[in-house]
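First up is the structure itself, then whatever we jot down about it.
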Amino acid sequence: MIETMLTDPSLVRRADADRVPEEGGTSVVNPSTGEVLARVPVIGADGVRAAVDAAEDALGPWSRRTAHERAEVLRRWNTLILENRDDLARTLTAEQGKPLREALGEITYAASFVAWYAEEALRTYGEVIPTYDRDRRMVVVREPVGVCAAITPWNFPSAMVTRKAAPALAAGCTVVAKPAPGTPLSALALAELALRAGLPSGALSVVTGDAETIGLALTSDPRVRKLSFTGSTAVGRILMRQASATLQRLSLELGGNAPFLVLDDADVDAAVLGCVESKFRNSGQTCVCANRIIVQRPVAERFQAGLVAAVERLRVGDGFEAGVDQGPLIDEAAARKVERHIGDAVAGGAVVLTGGRRHRLGGTFFEPTVITGVTSDMAVAREETFGPVAPILVVDDDEEAVRLANDTASGLAAYVYTRDVGRVWRTVERLDVGMVGVNTGLLSSAFAPFGGRKESGMGREGARAGIEEYLETKYVAFAGLDPVEGGQDGHAQTTGR
Ligand code: SIN
């Protein structure tokens, strides 16, 4: 059981256990071993309503605290996350499978959102707008949106919770979080630490259980004023449709199909390194990971050889083993999708340069794979593979590279390697995506606005933009401030009276 691996087993428990009713339990399984780690409650629609009740009760007291007081709680939460980093990382590796080194990185990443939004809480400025009238003032104030729902994915079970909850709490909102059914323990542990940091009970609840039931209950409750979701485009569409009934504000961080462009003047060694970082991080189960490697012909052979050599050095195994670079895929369906993409590509004439099969460890472990001769009509290029497969498409010029890069309904991230600053700008400006990495395969940061265009969703997380998503704008017109001097000229100008 997971408790035995934790220095502090009480970390993994429900903060809202006294208020939110449950209807049985479901197992959390380690994808590396198949071992049952823990059982978590199945919260039904009544339980979700109770969590929203609790969030609503907590909203007034929490939003009335000063921004400085809220920031103080977030700072303590950040400290507790970092103090419990080892336990949180072990929990994460156990339920999700990623190597412990990556899990430790994710916990630091998760904490960085809390630290950043503790500071941003202090900068939710309003404004005063100059008017025509001496006796009038126009003032804009920022207020918390209210009760928010956060639906988080299994690929980053810690960082996606803090990326949503920290800005919401900093703004004065309260949150009901629904982690992915397979990876709820990280979210539970983070919520427990938030309570210990002084967050009032009900301000951050975690509801575990069936995704559809909870998603419907959250989107159909008019008291929930905003939903932030990270996950697939297909589920994003469903949630958007459901949320139209209550007109909830939405942030949707959905699927990607990131092109990784290697132009013919690129530093090929750097491009290989960046490609491995981008493509094989989290076994390729990352929405911003390179999904199509688009390489210009003059450097294609050297790039391919470098990539194959680097990929063959990656060690696959249980995330708890020292030196492991790549854990298992999350489940059988994920492994089958990877197999389907490789099979389709090979049937269409692509060639597997390395990997291409399940790993000899069995289960959902998969060999890090490179395939070449890929064309843009193949499933591996059209769909998000979400697995450790690097498909290479060879092109002749910048025009073709950009055309292929944009030839997708997704618009999340893109990468470009070139040493020419003119080519950098020309390419960046033509890429129809929300984020571009230039000569880097890693983009993610709490200080940068993360999000996409087209079917990759809407809204931004991280940076200053991330807290804006949780703030309403209220305009206040003050009149009668200067009754002696003040005319109504400007007002008359607007109203015609
Ligand atoms: C995601 O895959 O949804 C998030 C990845 C990241 O933050 O880097």
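A short reminder: the numbers here are calculations on the coordinates, not readings from a lab. This is a predicted model, so every value here is computed, not measured. Cβ coordinates were reconstructed from backbone atoms using ideal geometry, including for glycine residues, and neighbour counts include every protein chain displayed.
Quick notes on this one:
- Across segment 423-460, the residues whose backbone nitrogen lies under 18 Å from the label position 7 Å along the beta-carbon direction of residue 273 are 437-444.
- Coordinate range along principal axes, alpha carbons of segment 275-428, Å, largest first: 45, 32, 28
- Listed from fewest to most Cβ neighbours within 10 Å, the set 394, 20 follows the order 394, 20.
- Residues of segment 10-45 with amide N under 17 Å of a point placed 7 Å along Cα→Cβ from residue 201: 13-22
- Solution diffusion estimate, µm²/s, Stokes-Einstein, the chain, Kirkwood Rh from C-alpha pairs, 25 °C, viscosity 0.890 mPa s: 103 µm²/s
- Among 320, 478, 260, 113, a tally of other beta-carbon atoms within 10 Å of each Cβ gives an order, fewest to most, of 478, 320, 260, 113.
- Spin-label model, residue 39/residue 8: points 7 Å from Cα along the beta carbon direction are separated by 2.7 nm.
- Of the peptides 205-216, 56-67, the ranking by mean beta-carbon count within 10 Å, highest at the top, reads 205-216, 56-67.
- Listed by chain and number, the lysines whose C-alpha is less than 26 Å from the C-alpha of residue 454, apart from same-chain residues fewer than 8 away, are 164, 178, 226, 279, 337.
- Per-residue ³J(HN,Hα) for segment 179-195, Karplus 6.51 cos²θ - 1.76 cosθ + 1.60, θ = phi - 60°, Hz, x for Gly and Pro: x, 4, x, x, 9, x, 5, 4, 5, 4, 5, 5, 5, 4, 5, 5, 4
- Among 422-433, 190-201, the order from most to least packed when residues are scored by Cβ within 10 Å on average: 190-201, 422-433
- Per-residue Karplus couplings for segment 149-164, computed as 6.51 cos²θ - 1.76 cosθ + 1.60 with θ equal to phi - 60°, are listed in order as 10, 10, 10, 10, x, 7, 6, 9, x, 9, 5, 6, 5, 6, 5, 9 Hz, Gly and Pro entered as x.
- Estimated dipole of the chain in Debye, rounded to 20 [Cβ of Lys and Arg +1, of Asp and Glu -1, Cα centre]: 440 debye
- Candidates per trypsin sites (Lys or Arg not before Pro) in segment 253-351, loop by DSSP, up to 15 other Cβ within 10 Å: 313, 315
- Amide H contacts for residue 440 (H built 1.01 Å from N in the peptide plane; partners 5 or more residues away or on another chain; cut-off under 5 Å): 416.
- Working note: 222 nm ellipticity from helices only, DSSP H runs with n ≥ 4, each -39,500 (n - 2.57), summed and divided by the residues of the chain, gives -12500 deg cm²/dmol to the nearest 500.
- Taking 0.36 nm per residue of sequence separation and removing the Cα-Cα distance, the residue 407/residue 481 pair yields an extension gain of 20.9 nm.
- Coupling constants for segment 64-80 follow from the phi torsions by the Karplus curve (6.51 cos²θ - 1.76 cosθ + 1.60, θ = phi - 60°), and in residue order they are 7, 5, 5, 4, 5, 5, 5, 4, 4, 5, 5, 4, 5, 4, 4, 4, 5 Hz; glycine and proline get x.
- A viscosity of 1.306 mPa s and a temperature of 10 °C, combined with the Kirkwood radius over C-alpha pairs in the Stokes-Einstein formula, give segment 1-93 a diffusion coefficient of 101 µm²/s.
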